[in-house]
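Worksheet for the structure shown next.
The values are calculated or read from the model by the stated rules, or taken from the named source; none is laboratory data. In this text the structure is predicted, and so the values were computed from the model without any measurement. Neighbour counts are summed over all protein chains in view; Cβ atoms, including those assigned to glycine, are modelled from backbone coordinates with ideal geometry.
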Amino acid sequence: MVFKKNYPNQLFHLALITAEEILGKSGLNAILNFAKLQKFIGNYPPDNMEMEHTSEDFARLTAGFIDVMGEKGARSLLFRGGVRAFEISHEQFPALFDLDGVEPENKVPEKMFDEFKRIYQIIVDASINMYGDIYKFYDCEEGVTLEMSPCIWCKDIKTEKPICFVQLGYQHGVTRWVLGKPAKVEEVECIAAGDDKCKFIIHRPK
């Protein structure tokens, strides 16, 4: 499986406005400088769905955070960025992940996780359409599993532990929106740490 060559401009626009909100403009500019992404300083991609943005910049942005702050230091910021990226995409860019008009429908407590799976499948399908056929989403004993190979967030990065914190945060944001509280989400395999895929488990709340 491989990435598509180009993504919507709006996707990296979302990544940068989210990072700026968390780091401030000067903090983000420092990361962009370090990651050799200076072309985006004061010049974010346009907020449109034109397929003009290339795939490599996401991993370079992740690597910039990790190189500057270390794996431990980058974790909380990238995780917060993932949570906030979901909130902004849901509020401001709902068409990006096909969430325009989508709202949780089933409020019966024992059915809420099934409602989460329904909505997350919409997001996964939109992501496959956007990135390429790099995802698998299926039930498991703990809840549900999402697998990514290759991975947009850790391409060509080498680390000791899983580092796809943005994806973790995004999933955390979705579960909190649908369930009314966050579910436990963990990355148990990571390409950057030497595995052949990035694997996330979203646990069914007890």
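Tell me the residue from Ile22, Ile66, Ile17 that is β-branched (Val, Ile, Thr), within 25 Å of Ser127 (Cα to Cα) and either at pLDDT below 90 or in contact with a Ser or Thr (Cβ under 7 Å, 6 or more places away or on another chain) (or both), please.
Working: Ile22 fails: either at pLDDT below 90 or in contact with a Ser or Thr (Cβ under 7 Å, 6 or more places away or on another chain) (or both); Ile17 fails: either at pLDDT below 90 or in contact with a Ser or Thr (Cβ under 7 Å, 6 or more places away or on another chain) (or both).
Sole residue among the options that is β-branched (Val, Ile, Thr), within 25 Å of Ser127 (Cα to Cα) and either at pLDDT below 90 or in contact with a Ser or Thr (Cβ under 7 Å, 6 or more places away or on another chain) (or both): Ile66.
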Residues located in segment 49-67, provided they are surrounded by fewer than 21 Cβ atoms within 10 Å (Cβ to Cβ), over 15 Å from the mean Cα position of the chain (by Cα) and farther than 14 Å from Ala192 by Cα: Met49, Glu50, Met51, Glu52, His53, Thr54
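Mind telling me which of the residues Leu96, Leu78, Leu61 ends up being of a type in the set (A, V, I, L, M) and not in a helix (DSSP H, G or I)? Walk me through how you get there before you give the answer.
Details: Leu78 fails: not in a helix (DSSP H, G or I); Leu61 fails: not in a helix (DSSP H, G or I).
Only one candidate passes the filter, namely Leu96.
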Some residue of segment 14-28 being under 22 Å from Ile134 (Cβ atoms), polar (S, T, N, Q) and in a helix (DSSP H, G or I): yes
Residues (without any contact (Cβ under 8 Å) to a residue 24 or more places away in the chain and either out of contact with any strand residue (DSSP E or B) (no Cβ under 9 Å at 6 or more places or on another chain) or among the charged types (D, E, K, R) (or both)) located in segment 181-193: Pro182, Lys184, Glu186
Residue match in segment 111-132 (condition: assigned to a loop (DSSP other than H, G, I, E, B) and modelled with pLDDT under 95): yes
Matching entry among Asn106, Asn43 (being farther than 17 Å from Phe3 by Cα, without any contact (Cβ under 8 Å) to a residue 40 or more places away in the chain and surrounded by 13 or more Cβ atoms within 10 Å (Cβ to Cβ)): Asn106
Subset of segment 152-174 (residues that are part of a loop (DSSP other than H, G, I, E, B), buried (at least 20 other Cβ atoms within 10 Å of the Cβ) and in contact with a helix residue (DSSP H, G or I) (Cβ under 7 Å, 6 or more places away or on another chain)): Ile152, Trp153, Cys154, Pro162, Ile163
